[in-house]
Structure formats: structure tokens, C-alpha cells
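K.L.:
First, the structure itself, so that you have it in front of you.
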Amino acid sequence: MKKLNLPGLFKKKPQPTLGVDLGSHTIKIVEFSQNGDSRQVKKVGRALLPQGAIVDGSIKEHDTVLEALQGLVSDLQPSLKRASTSISGYSVIVKRIHVPYMTEREIEENLIIESEKYVPFEISDVYIDFSILKTYEEDNGGSDIFLVAAKKEIVDQYANLLEGVGLTPSVIDVDAFTLVNAFELAFGKVEEPAVLIDIGASKTNLNVVKKGMPIFIRDMTMGGEQLTEAIQEATGLNREDAEAVKIGGTKDKVLAREIANAVQEMTGLWSNEIKKAISFFKSTAAPDEFPTCVFLSGGTSLMSGMEEFFSNTLGLETRRLNAFTGKKVDKNIDEKYLASVSPQMAIASGLAIRSAE
Ligand SMILES: Nc1ncnc2c1ncn2[C@@H]1O[C@H](COP(=O)(O)OP(=O)(O)OP(=O)(O)O)[C@@H](O)[C@H]1O
Ligand SMILES: [Mg+2]
């Protein structure tokens, strides 16, 4: 296997692999079966991880993660052995760069030289890959590419985990790119530019997508864990109880108000960060690249009121992303449950349609 592998991103017709999203809070797995062009959702599941098991995209407690992953795989009994997973965080660098006119082969050959300019790690410590975004035909104008460099140590950790539960690592991707796949899974190649925002537990991936291509990527260190901490601070509850009321709410009116205030304050900060990122993107983008709508995903997007909140604060129509939209669903999966967890499953769904070499 080519270790860091973005083959399905723009080129090949994707074939299903088992999508395994190793989040810092929840492991998610999605499996589709494919019949011609029609896909069926076969397996969907999630398992919680204890705090500290995965931090900043690095697996700190291998055995704990392995056990949780093994448990989930045993419960789901997926048919596919080939699996895809994705990484993000400090150990992955994704840079949009311009290279002079070259064939794809020549870009590949020059990748190390290009990478040395942009990658703040020893080149021998990283796997490098690229995807061509745009080729300027006129005057041998060169190409815009996404250069991706990921620490070998981290990619190998993720691959080892999959192997540890009897899966064959097929594609190791980057979280932000898989979101584009999830979006395409739901809506096809949409002309209108959209902002995809995946709010997890410890990080948020923001992506502007146009015609099935990511045109801007930004990772931010904000997520549901901050909400839990803010609720703890505001209410004096312990972590477990704060997490429970964050998700399940409370009948206690005073407590509910304290929680709402804490959440509003934190999400206000997030919204400012997101606005800044979108403004920055717009300052460098062509007007036909300006996004007109937002799709939310990640576990934290399940919180009630999130769509309205971002719609109001960002001034853009905002919806949750359901990558299972219009898909057939296996009879053993409860469709209501599926709809309720679909935004959290976005990255796993995008991974599940990765093509395998
Ligand atoms: N119904 C809900 N309401 C509010 N928050 C929720 C809900 N369900 C899950 N969460 C929160 O979503 C987060 C988990 O989401 P997700 O699975 O997307 O994160 P992750 O992928 O594990 O984390 P990361 O991508 O940041 O490493 C947790 O903070 C959890 O508390
Ligand atoms: Mg995540």
C-alpha cells in the first residue's frame, strides 16, 4: 500500500471500503454495499473513547483505542476487510500551492523539492502526496495543487490499528478531504460553492467546496469538549454530568439557563473564528467561489439550535449534512436512528466511498 493515499479524491470512480473515522471522542464506522451505481447503507456504528486516548490526532493509548475499535468491529460484523481512515491535526500539512507547468508525473518527481519549501518537518519523516486542483491551460500556466505531507509515525499508528483488528488499511486520507466526499455522496457535484464545517469534540474542519473540489481548507482547535468544559465551569458539574446535560438537556430551569449561556458564549467565539476564516478565503477568492450556504457535520452539530445559530450569525443558509440522503438502507438499520446520527457519520461516510487501489 502507498501509505498516504488520496487516489479517490478527484480521479477514480470510488469503490466502497470500510469507513473508519477514529475521532478523539467517538470511533465511527460506515459500510456501504454497491450494486452498479446504487449504494446501500449496510452498517453504521459508533463507540466512545475515553478522554486522552487520541490527542491532537496522535494515538496516545494504543491498546485502549484498539479495544474500542475491536468492540465496534465485532458488534457490526462488516463484510469489507479493506478499510479507509483519515488523519488531521498537527502532524498533517495541507497546502494549496502553485507549481509551474509540468505533467502529473513530473509534479510527482518534483514533489520532494516543492515540499522542502513548505513542510516544517524533516522530509524523511513524512509521507507526501498531492492532488491537482486546477490546471491553467493558457500559456503553460501551471497547476494549483494540494500538497499533503503527513508524519510517517502517525500514518503508521493509524494503519497499525486497522491491521490490529484484522482490517487491511487501504486509504489513509485527510479528514477535510473526506468531508467533500460526504457532501458529494449527499448531493453530487454541486456547482454552488458551499462551506462544510465538521465540529467534532476537539477540532473543527472547515472546507469550501465547489463542483466536488475543496477550494479552501482550514482546521481549527474548537469543538464539543470546549462546550463540556464551559458547562462544567458555569455549573460546577463534573465532566460526566456536564457531558450528559449538554447532550440530553435538563428540566431544571436555572441549570438550563446556565448551560444555554455557557454554550452561547462559546459558540459565539466559534462563529467569530468561522467568519474570519470565510472572510480570509473571500479576500483571495473569485466572486464565483463565494459560498452561499453552510453544511454542518460532526457530533457537536447534533446539538439542538446549531443550524439556526450559525444561520443567524454567519448570515448564510445553514443545514446539517446527511450523507445518507436518498440512499437505500439495510433493513436492520433503524432509519430514524440513522437520520439522527448522520451528521456525526459524515467523515466515516466519505471514507466509506473511498476508492482502493
Ligand atoms: N446530541 C448531541 N448534542 C451535543 N453534542 C453532542 C451530541 N452528540 C455528540 N455530541 C458531542 O460531539 C462530540 C463528538 O463528535 P464527533 O464524533 O464528531 O467527534 P470526534 O470525531 O470524536 O472528535 P474530533 O474530530 O474532534 O477528534 C463530543 O464532544 C460529544 O459530546
Ligand atoms: Mg472527528
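The values are calculated or read from the model by the stated rules, or taken from the named source; none is laboratory data. Worth saying up front: this structure is predicted, and the values here are computed from it rather than measured. As a convention, Cβ positions derive from the backbone with ideal geometry for all residues, glycine included, and neighbour counts pool all protein chains shown.
Here is a yes/no grid of residues against (1) at pLDDT 95 or above; (2) more than 16 Å from ligand 2 (Cβ to nearest atom); (3) touching a Pro at 6+ places or on another chain (Cβ under 6 Å):
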| position | (1), (2), (3) |
| --- | --- |
| ASP198 | yes, no, no |
| THR204 | yes, no, no |
| PRO214 | no, yes, no |
| GLU233 | yes, yes, no |
| GLY236 | yes, yes, no |
| ARG239 | yes, yes, no |
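K.L.:
Further question: Looking only at the range 290-299, decide whether some residue is polar (S, T, N, Q) and surrounded by fewer than 20 Cβ atoms within 10 Å (Cβ to Cβ).
P.N.:
Narrowing the range 290-299 to residues polar (S, T, N, Q): 292, 297.
Among the residues that remain, those that are also surrounded by fewer than 20 Cβ atoms within 10 Å (Cβ to Cβ) are: 292.
Yes, the range 290-299 contains at least one residue that is polar (S, T, N, Q) and surrounded by fewer than 20 Cβ atoms within 10 Å (Cβ to Cβ).
K.L.:
In the range 313-336, what count of residues is obtained for those that are more than 16 Å from ALA186 (Cα to Cα), touching a residue at least 12 places away in the same chain (Cβ under 8 Å) and not acidic (Asp, Glu)?
P.N.:
Qualifying residue count for the region: 4.
K.L.:
Further, regarding this structure: With the checklist (1) in contact (Cβ under 8 Å) with a residue 60 or more places away in the chain; (2) more than 16 Å from ligand 2 (Cβ to nearest atom) in hand, flag the one item GLY142 doesn't pass.
P.N.:
Result: GLY142 fails condition (1) only.
K.L.:
Of a type outside the set (Ser, Thr, Tyr), part of a helix (DSSP H, G or I) and within 26 Å of the chain's Cα centre (by Cα) - does that describe any residue in the range 84-102? So that I can check it myself, show each step before the final result.
P.N.:
Taking the range 84-102 as the starting set, the residues that turn out to be of a type outside the set (Ser, Thr, Tyr) are 87, 89, 92-100, 102.
Among the residues that remain, those that are also part of a helix (DSSP H, G or I) are: none.
Among the residues of the range 84-102, not one is of a type outside the set (Ser, Thr, Tyr), part of a helix (DSSP H, G or I) and within 26 Å of the chain's Cα centre (by Cα), which makes the answer no.
K.L.:
State which residue is nearest to the chain's Cα centre (by Cα) when the search covers only the range 107-126 and only residues that are part of a helix (DSSP H, G or I) and among the acidic types (Asp, Glu).
P.N.:
Here is the first cut: in the range 107-126, the ones part of a helix (DSSP H, G or I) are 107-118, 123-125.
Filter again for among the acidic types (Asp, Glu), leaving 108-109, 114, 116, 125.
Values: GLU108: 26, GLU109: 29, GLU114: 26, GLU116: 26, ASP125: 24 Å.
Step by step, filter the range 107-126, then rank; the result is ASP125.
K.L.:
Looking only at the range 162-215, count every residue that is closer than 24 Å to ALA68 by Cα, outside any loop (DSSP other than H, G, I, E, B), touching a residue at least 12 places away in the same chain (Cβ under 8 Å) and away from ligand 1 (no atom under 13 Å from the Cβ) and tell me the total.
P.N.:
Total meeting the criteria: 8.
K.L.:
Just a yes or no: is a residue in the range 25-42 away from ligand 1 (no atom under 16 Å from the Cβ), closer than 20 Å to ASN160 by Cα, of a type in the set (Asp, Glu) and more than 17 Å from the chain's Cα centre (by Cα)?
P.N.:
no
K.L.:
Hey, among the residues in the range 311-326 that are within 20 Å of the chain's Cα centre (by Cα) and assigned to a loop (DSSP other than H, G, I, E, B), which one's farthest from ligand 1 (Cβ to nearest atom)? Before the answer, list the steps.
P.N.:
We begin by selecting, within the range 311-326, every residue within 20 Å of the chain's Cα centre (by Cα); these are 318-325.
Subsequent filtering for residues that are assigned to a loop (DSSP other than H, G, I, E, B) retains 321-325.
Values: LEU321: 12, ASN322: 14, ALA323: 13, PHE324: 16, THR325: 18 Å.
Top of the filtered list is THR325.
K.L.:
Please count how many residues of the range 300-312 are within 16 Å of ligand 2 (Cβ to nearest atom), buried (at least 19 other Cβ atoms within 10 Å of the Cβ) and among the hydrophobic types (A, V, I, L, M, F, W, C). Walk me through how you get there before you give the answer.
P.N.:
Kept after step one, since they are within 16 Å of ligand 2 (Cβ to nearest atom), are these residues of the range 300-312: 300-303, 306.
Restricting the remaining residues to those that are buried (at least 19 other Cβ atoms within 10 Å of the Cβ) gives 300-301, 306.
Then drop every residue that is not among the hydrophobic types (A, V, I, L, M, F, W, C), which leaves 306.
Total satisfying the criteria: 1.
K.L.:
With the requirement that a residue be free of Cβ contacts under 8 Å to residues at least 40 places away in the same chain, of a type in the set (D, E, K, R) and closer than 19 Å to GLY298 by Cα, what does the range 216-235 give you?
P.N.:
Residues of the range 216-235 that are free of Cβ contacts under 8 Å to residues at least 40 places away in the same chain, as a first pass: 221, 228-235.
This time we only want the ones that are of a type in the set (D, E, K, R), so: 229, 233.
Matches in the range 216-235: GLU229 only.
K.L.:
Please enumerate the residues belonging to the range 329-357 that are surrounded by 14 or more Cβ atoms within 10 Å (Cβ to Cβ) and not in a helix (DSSP H, G or I). Lay out the reasoning, then the answer.
P.N.:
To start, the set of residues in the range 329-357 that are surrounded by 14 or more Cβ atoms within 10 Å (Cβ to Cβ) comprises 329-330, 333, 338-339, 341-356.
Scanning the range 329-357 gives VAL329, ASP330, ILE333, ILE353, ARG354, SER355, ALA356.
K.L.:
Out of the residues in the range 278-310 that are over 19 Å from the mean Cα position of the chain (by Cα), more than 21 Å from PRO214 (Cβ to Cβ) and of a type outside the set (Phe, Trp, Tyr), state the one that is modelled with the highest pLDDT.
P.N.:
GLU308
K.L.:
Now for a different question. Just the residues that are under 21 Å from ASN35 (Cα atoms) and within 13 Å of ligand 1 (Cβ to nearest atom), please, taken from the range 327-352.
P.N.:
ALA348, SER349, GLY350, LEU351 - these are the residues of the range 327-352 that are under 21 Å from ASN35 (Cα atoms) and within 13 Å of ligand 1 (Cβ to nearest atom).
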